[in-house]
Amino acid sequence: MIYFIQTTQKNQKYSDNICTDIKLEEALDRLSKYTTLALDTETSGLKIHYLKILMLQIGTPDGDQFVFDMRGMPVEGIKRLLEDSKILYLGHNIKFDYNVLKRLKIVLNNVYDTMVVDQVIFNGLYSISDISRSKRFSLAGVYKYYFNTSIDKEVRQQFYGITDNEFTEQQIQYGALDVVYPFEIKKKQEELIEKYNLQTCVDLENKVLLSLGDIEYNGFNLNKQKWLDLNAKYQIKTKKTIEELDNLILSCNKNKIRKYVCNAYQTDLFDSAFENKRKTIINWSSDKQVYEILNSVFGINPINKDNKASSSANAINLLDKRYPITDLILQLRKEEKAVTSFGLDYLRKFQEFDNRVRTTYNQIVETGRISSRNPNLQQIPKEDEFREAFDAPVGRKIITADYSAQEARIMADRAHDESYIEFFSKGGGDIHSFVATKMFSASFGREFIVTSTNENKSYRQKGKTLNFAISFGGSAYTLSRSLKISESEAQELIDAFFKGFPKLKKMFDENKKFALQNGYILTNDIIKRIRHFKYWNTYTELLKKKKLTNEERTELHKLKGKIERRALNTPIQGTASDMMKLALIYIRQELLKNNIMPYDLNAEIKLVNVVHDECSTESTEDKANLASEIQKQSMEKAGRMLIKSIEMVAEPAIKDHWDH
């Protein structure tokens, strides 16, 4: 039965399937007797701080749905019901509803998201493009997967135009069904959670979605004037780099450059009012023309990873050596991106009424990492000047904390490598010099000390590159491109690394073997996150064939390499992500203990950002030390949950801006 609750009786008549003869207090009393309920909201839009809450739907496991017309509805009783931590609330993309309800000063704390859980269960089996194209993890997509039945979501659009109109029967039924589906889906999911032993990971993700919701709700303050000044600075830089490129071309063989030279005035790329007397007609933003120039004028032929001619930054970085022309092109690409991607359009598109930008998080990328979109705050250039544009409002501070050598510590702990563990236990130091000393001493068969200042300092960079490359599953091919050396030389460096750290090699070999045999890899034995390899079935089918064609042999080798690289990377990067997610959960819990409510946009302390191994809070000046301590303790507590042999050190910095 559908029960429709309104503050006042309206003239609209409904069928016998919808009961309107029920009071608010009676509905809430009946609902309070359950330990699991389904929850959904219908709103006038999707932007949290601009929308109106029109409808609240709550479903019971017995098959009843209670639909509340929230226009003018008193919320005190609803607040008590929804904040009851003894009740588990099911929903699909419930992070949205969590943030919507904050507008009513309602804080959910015990939730189960059927969308997020499905992403946990099927992690790795769908590419980002697959997910986007098929909407696999939408409510309709998930329901279709389990029940092979399509559900109509078109009615949702009708709510965007509603103001004071009475709800139609179709709209009420639509809202009611949205709190039927989660029960059905959860029942199917529970079988798979048990099959793959995913309960701990599911619990983690259902808790951290609330912390991520808080960050999305709060937003990150962006100083408009600093941003515009920075953009103007990069416009000037861009013009200067174009001029340097033009001059470099003009210094070349006249016969080779004749077609690119002219005496006409050229309109500047970014400022239509500015005319610069350029002597070339080259569009340095054109990949096609730039490749033509590199090839015909300089004899440089960049090839991308797919062995296709290209002048992209990736292709240029794969060249065996550097050239003045390619260095300038890379510099220009970076400057142009700063102008076009991080300028006035960025402010128009993303900055909201309170000068803040509000991102949306996808909390599960294949390794378990969090990604960000609209805008992607993880793609803000790493230079300090860009980070400093995200500053604290007057009277407030931004506290950013990151883990010191997070992935290296995880790698050492997972491998039980005594020398690595001892290095961190003694307080660490220059990790890249340490790695270089270990690997080259083992390789040369004698003590070979590397520091950042001694005669062997050139080896430090190789140690640094190896440390990152190994933890990210790098191969001899990728390493050769990174260091501009041959593949055989790169393989010698990898061999030297593993000679210095034999237990790491043992761990990685075991991970590769497990992944190839089972078609998935675990991040760790505590959270037990699984990453499936969608191409494993193809790999095993090829492996079973007695005779392979040349193409099949190449494909088998390619698939084996992909599985092995991901088997190296996922446990390290995935554990790092699990750690940060635990930290975000602990931070939120501590804020609630201090009676700091996540619906308060002026809260004394609030979460405002997370990027891989770092998170940021914003606080009033008098609470900055408390915020710093909460972050440090929460992050280090999360570290102790996952890493047993080494202390995970978090290092907060209290600043007037985002610090990295």
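The table for this structure:
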| quantity | calculated |
| --- | --- |
| Estimated distance in nm for a label pair at residue 19 and residue 253, the labels positioned 7 Å out from Cα along Cα-to-Cβ | 9.0 nm |
| Phi to ³J(HN,Hα) by Karplus 6.51 cos²θ - 1.76 cosθ + 1.60 over the range 309-314, Hz, x for Gly, Pro | 4, 7, 10, 5, 4, 4 |
| Degrees, to the nearest 10: 181-196 long Cα axis against longest axis of the chain | 50 degrees |
| Sum of side-chain charges, residue 260 neighbourhood, beta-carbon under 13 Å (Lys, Arg +1; Asp, Glu -1) | +4 |
| Residue 303/residue 29 FRET efficiency (R0 51 Å; Cβ-Cβ; nearest 0.05) | 0.15 |
| DSSP-assigned coil residues among GluC sites (Glu not before Pro) in the range 166-236, each with at most 16 further Cβ atoms within 10 Å | 166 |
| Contact order normalised by residue count of the range 355-446, Cα under 8 Å, 6+ apart, percent | 11 percent |
| Residue-level accessible surface for residue 278, protein heavy atoms, 1.4 Å, Å² | 40 Å² |
| Carbon and sulfur %, accessible surface of the chain computed with the full protein complex present, 1.4 Å | 48 percent |
| Computed FRET value (nearest 0.05) for residue 594 with residue 83, which takes r as the C-beta separation and R₀ as 25 Å | 0.90 |
| Stretch gain in nm, segment residue 93-residue 647, where the contour uses 0.36 nm per residue and the Cα spacing is subtracted | 195.9 nm |
| 497, 96, ranked by accessible area, largest first (probe 1.4 Å) | 96, 497 |
| Nearby lysines by direct alpha-carbon distance to residue 187 (threshold 18 angstrom, same-chain neighbours under 8 apart not counted) | 144, 195 |
| Where 545, 593 fall by accessible area, highest first, once all protein chains stay in place (1.4 Å) | 593, 545 |
| Accessible area in the full protein assembly, largest first, 1.4 Å probe, for 83, 621, 26 | 621, 26, 83 |
| Near-label residues of the range 5-49 by backbone N, under 15 Å of a point 7 Å along Cα→Cβ of residue 168 | 12-15 |
| Qualifying chymotrypsin sites (Phe, Trp or Tyr not before Pro) in the range 1-71, DSSP loop, other Cβ atoms within 10 Å at most 12 | 50 |
| Residue-span extension gain [residue 629 to residue 228] - 0.36 nm each, minus C-alpha spacing | 141.0 nm |
| Residue-by-residue Karplus 3J(HN,Hα) for the range 470-481, coefficients 6.51, -1.76, 1.60, Hz, glycine and proline x | 5, 5, 9, x, x, 10, 4, 5, 5, 5, 4, 5 |
| Where the chain is the region considered: accessible area per residue in Å², 1.4 Å probe | 48 Å² |
| For the range 565-576, 3J(HN,Hα) per residue [Karplus equation, 6.51 cos²θ - 1.76 cosθ + 1.60, θ = phi - 60°, Hz, x = Gly/Pro] | 5, 6, 5, 6, 7, 4, x, 6, 5, x, 5, 4 |
| Length-normalised contact order of the chain in % [C-alpha pairs under 8 Å, at least 6 apart] | 15 percent |
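The values are calculated or read from the model by the stated rules, or taken from the named source; none is laboratory data. Note that this is a predicted model, so its numbers are computed, not measured. All Cβ positions, even for glycine, are placed from backbone atoms using ideal geometry, and neighbour counts span all protein chains on display. Quick note on the areas: whole protein, heavy atoms, side chains included, nothing else; ligands and nucleic acids left out. Shrake-Rupley method; radii C 1.70, N 1.55, O 1.52, S 1.80 Å.
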